[in-house]
Amino acid sequence: MQRAPDTSHRPGVEFSRMRILIVGAGVIGLASAYYLEKAGHDVTVVDRHPGVAGETSSGNGGQLSYSYVAPLAGPGVVSKLPRWLTRRDSPVRFRPRLNIEQWRWCFEFLAACTRERSELTTRNLLSLSFLSRTLMHELIATEPSLNFDFTQSGKLVLHRDAGAMQDAIKLLEFQRTLGCEQHALGADACVELEPALATTRPLLAGGIHTPGEDTADCQRFCECLETMLRARGVRFLMNTSIDDLKVDACGNVGAWCNGAQLDADHIVIASGAGATRLLKPPGIRVPVYPLKGYSLTFDLQPETASPHISITDFSRKVVYARLGERLRVAGIADIDGYSLEPDATRLATLRSETAAVFPEVARLPIAQAWTGLRPATPRGTPIIGPTRYRNLWLNIGHGALGFTLATGSAALLTEWLAGRDGHNLRDTFALSH
């Protein structure tokens, strides 16, 4: 089990209480606020939305996927690109823009599609995800008021052809060397584990079962954290946009809003895909670009044949997570710029994928349809830690793993801001200047 970072203030140890401004009230920003407040700092969270989890965190896929963090950039991706980029129902779609950020991200993504880089990224992400799992379970145990449909459900990743299943077994064998508990199952065993897959049996070549995975509602988690943090004195400036980040004569960065500077000793940028533009004035380039994703939420009926464990349809890049009496279906990665305008054809694709795997669910009314921008780096590794400015810090670029990695990322940031690096991970997730 991963040892949790030392983020709390201990009596008798020299401590400097700092005023910390966190930009972003999604799951990354709120987790950062939790651990920074716990460490004894004076914390303020600012966000342009009226409520927390106003964008990407609101329709999250619901999977806390600690052992399944292999990046999208992998050795098998390049051969799939022609098929992905020419089909309207492809799980990944590229719409070229006259935007240097998009093209630079794509070229860096292709450069990361090697076995060596993929395995290194997987190794690094597993270190962070295992830490996050330890901290999430610790948080739930110590904060009994939290209620966000958390379930230790386990996860089953489905594969539809024998070749993909063999590749998955190779990944399983690699990840076992890093501490993952995973099991390869045949098609019949998959249905035995999750009877709701009975009608899907003819499509399956097998699956990988990870019993230690969890599911939860990310938006409700954020709302619980907000309630807890407000009670502990954390300030929230909602409906508030940061207009500019300005560097003063001493090399410190200030956050400006409506012509006034917000008081802070340190600033943490946790604003997801919006961080790229926000960081331009102080001259910081971050390799973060949005991958537009979609989700559907169905209110389940008692008689509906629906999964009780977390499911991922690997070839279609669709995930299914039970959240209480709801089923969240999420997927798709459109490299399509910053627009949040939903594409009706993509939502229809998600529903048709649901119909192929869980037909009774797909016949239910849709309770919620969502689209959001996942802030992804080309390699799939988040950027956590300092910048070249002493008081400006980053916690961005988690892609589809924001909920999974939130607690670990926030705790490490808190540790590093205090000048400690007990896990020797600072360089692993640092921004390359």
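Less than 5 angstrom separates the built amide H of Cys257 from those of Asp243, Leu262, all sequence-distant by 5 or more or on a different chain. Each peptide in 139-150, 351-362, 194-205 gets a packing score, the mean of other Cβ atoms within 10 Å over its residues, and the list from highest to lowest is 351-362, 194-205, 139-150. Springs between Cα atoms under 10 Å define the GNM used for the chain, and in it the highest mean-square fluctuation of Leu36, Leu120, Leu350 occurs at Leu120.
Our helix-only sum for the chain, with -39,500 (n - 2.57) per DSSP H run of n ≥ 4 divided by its residues, gives a mean residue ellipticity at 222 nm of -10000 deg cm²/dmol. Placing pseudo-labels 7 Å out from each Cα toward the beta carbon at Tyr338 and Arg97 gives an inter-label distance of 0.8 nm.
Please work out how much length the chain gains when fully extended from Asn258 to Thr86, using 0.36 nm per residue of separation minus the C-alpha to C-alpha distance, in nm with one decimal. Walk me through the intermediate numbers first.
Working: separation 172, 0.36 × 172 = 61.92 nm, distance 4.52 nm.
The Asn258-Thr86 span can extend by a further 57.4 nm.
The H on the amide N of Leu64, modeled in the peptide plane, is under 5 Å from the matching H of Asp214, Thr215, Ala216, each at least 5 residues off or on a different chain. Treating each Cα of the chain as one equal point scatterer and applying the Debye formula with no solvent, the log10 of I(q)/I(0) at q = 0.10, 0.13 Å⁻¹ comes out as -0.67, -1.16. Each peptide in 82-91, 23-32 receives the mean, over its residues, of other Cβ atoms within 10 Å, and ordering these scores from highest gives 23-32, 82-91.
With 22 Å as the limit on Cα-Cα distance, the pairs of Lys292/Lys317; Lys38/Lys246; Lys80/Lys292 that go past it are Lys38/Lys246. Close amide H pairs (under 5 Å, H built 1.01 Å from N) link Val288 with no residue at least 5 positions away or on another chain.
Once both labels are positioned 7 Å from their Cα atoms along Cα-to-Cβ, the gap between Ser432 and Arg232 label points is 3.6 nm.
Run the Debye formula on the Cα coordinates of segment 58-123, all scatterers equal and no solvent, and tell me log10 I(q)/I(0) at q = 0.12, 0.17, 0.19 1/Å. With no solvent term, the Cα-only Debye profile gives -0.41, -0.80, -0.96. Dipole magnitude for segment 251-347: about 300 debye, using +1 per Lys or Arg Cβ and -1 per Asp or Glu Cβ, origin at the Cα centre.
The calculated FRET efficiency for the pair Val247 and Gln301, based on their C-beta separation and a Förster distance of 60 Å, comes to about 0.60.
Sequence-ordered 3J(HN,Hα) estimates for segment 381-389 from the Karplus curve with 6.51, -1.76 and 1.60 and θ = phi - 60° stand at 9, x, 10, 10, x, x, 10, 6, 8 Hz, glycine and proline given as x. In the chain, the DSSP beta bridges split such that about 70 percent are antiparallel, to the nearest 5.
Read-outs: derived from the displayed coordinates by stated rules, not from any lab. What you see is a predicted model; the values in this text were computed from it and never measured. Neighbour counts are summed over all protein chains in view; Cβ atoms, including those assigned to glycine, are modelled from backbone coordinates with ideal geometry.
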